[in-house]
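The values are calculated or read from the model by the stated rules, or taken from the named source; none is laboratory data. Values in this document were obtained by computation on a predicted structure and should not be read as measured data. Cβ placement follows ideal geometry from the backbone for every residue including glycine, while neighbour counts extend to all protein chains displayed. The area values use the complete protein model at the heavy-atom level, side chains included, leaving out ligands, DNA and RNA. Shrake-Rupley method; radii C 1.70, N 1.55, O 1.52, S 1.80 Å.
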Amino acid sequence: MTDEHFRELLDFFDLSWRGYRKVRKGVKKRIIRHMGECGVKSMREYLNLLRENPRIREQCKILLTVSISRFFRDKMLWEVLEKKILPDIMKNESPVNVWSAGCACGEEVYTFKIIWEQLNKKSNIYSQLYLLATDINPEYIEKAKAGCYGLSSLKEVPNEIENKYFEQCKSSLLFKVKDHLKTDIVWKVRDILDTPPEREFHLIFLRNNLLTYYGDKIKEKALEDILRVLKPGGYIIKGAHEKIQVSDTRLVKTEFHPHIYQKTTP
Ligand SMILES: C[S@@+](CC[C@H](N)C(=O)[O-])C[C@H]1O[C@@H](n2cnc3c(N)ncnc32)[C@H](O)[C@@H]1O
C-alpha cells in the first residue's frame, strides 16, 4: 500500500497522517490483510465498501487503533499525581471520579490503582474511588481485564512495586497484576467521540489517543464534550508529545507538571 493510499484512508476517518507516522508500517499491514479478507484489490474499492457497509467500516476503525502503552509511562507525572494532585482531591471529595479515556490494555489504569493504593496506605485520608476505563477496541478491554503483560510493559516499574503488585505467570514469561488491583474499576467498550459518560470527573486521562491520532475537526468537538464532564477545578492529563488547544479559557496549565491542565472554576 502506498503512503498516498494510506493517507486517503486516514482522511476518510479524519485521522492524522502525522499522528500515525511511527506506526504506519504495522497498521498498513493490518489494513492490507483486511482488504484481502474483504476481497478488494484497490483503495478505491475499499473506500467504497467502507462507505456502503457500516460493519466493515467499524472493523476498519478498530484495526486503525494503536495499543502502545506501558506502566508508569511519563514517570514524573505519576509522582506529581501521588504527591500533589490526588491528596488535594481526596481531602475534599469522596468518591473521587477518574476516567481513563482510551485506556488500551489497562497499563495506565493499573498504574493509577497502584498509586491510589499506596496513597491510601500512607495517609490517613480515606476516600472512595470510581475508576472508569474505556476503549473503542473490545479486544483491548478483554486484555485489560485479564491484566497479563510482557516484560517490556513493565520496564519503568520500580522493583519494589513489581514485587508487590505483580506475579509472574507460571507457564509463561508474562506478569499478572495481583487481583486486589482489579477492584473498583469499571471497564467499558466506548468510543471517545460518542456522547461522554453521564457523571462528572475529578481527573481525566486523555493521553496518546484523541490528541495524537485524530484530525483537527474531530479533536476540537470531542475535547469540548470531554471538558463538559470535567468538574470545575478538575484535572485533565495529556500525553508527553501532545498539544491541547481549547478555544476558550476554561483550561489552565498547572504549575506542577506541563501535561496536567486544570479546569477553571466558574
Ligand atoms: C496508544 S494507546 C494509549 C493508551 C494510554 N492512554 C497511554 O497513554 O498509555 C491509544 C488507545 O486509544 C484508543 N482509542 C483510539 N481511538 C479511540 C476512540 N475513538 N474511542 C476510544 N478509544 C480510542 C485505542 O484503541 C488505544 O487503545
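Points to keep in mind about this one:
- Dipole orientation for the chain: of the candidates Val252, His34, Gln128, His34 has the Cα lying most toward the positive pole (charges on Cβ; Lys, Arg +1; Asp, Glu -1).
- At a probe radius of 1.4 angstrom, the accessible area of the chain per residue rounds to 53 square angstrom.
- In a DSSP loop and with at most 12 other Cβ atoms within 10 Å, the trypsin sites (Lys or Arg not before Pro) in the range 138-176 are Lys155, Lys170.
- Checking every one of the chymotrypsin sites (Phe, Trp or Tyr not before Pro) in the range 7-87 against DSSP loop status and a limit of 14 other Cβ atoms within 10 Å picks out Trp17.
- The chain, helix-only ellipticity at 222 nm - DSSP H runs n ≥ 4, -39,500 (n - 2.57), divided by all residues, nearest 500: -11500 deg cm²/dmol
- Bridge orientation summary for the range 181-266: considering DSSP beta bridges with both residues in this region, about 55 percent are antiparallel.
- Take 233-243, 205-215 and order them by the average number of nearby Cβ atoms within 10 Å per residue, most first; the result is 205-215, 233-243.
- Note on the range 75-263: with neighbouring protein chains present and a 1.4 Å probe, carbon and sulfur make up 49 percent of its accessible heavy-atom surface.
- Over 19 Å apart at the Cα level, from the set Lys61/Lys219; Lys29/Lys238; Lys75/Lys178; Lys113/Lys243, are Lys29/Lys238; Lys75/Lys178; Lys113/Lys243.
- The range 26-105: GluC sites (Glu not before Pro) in DSSP loop, at most 16 other beta carbons within 10 Å: Glu93
- Each principal axis of the Cα atoms in the chain has its own extent, and those three values, largest first, are 63, 53, 28 angstrom.
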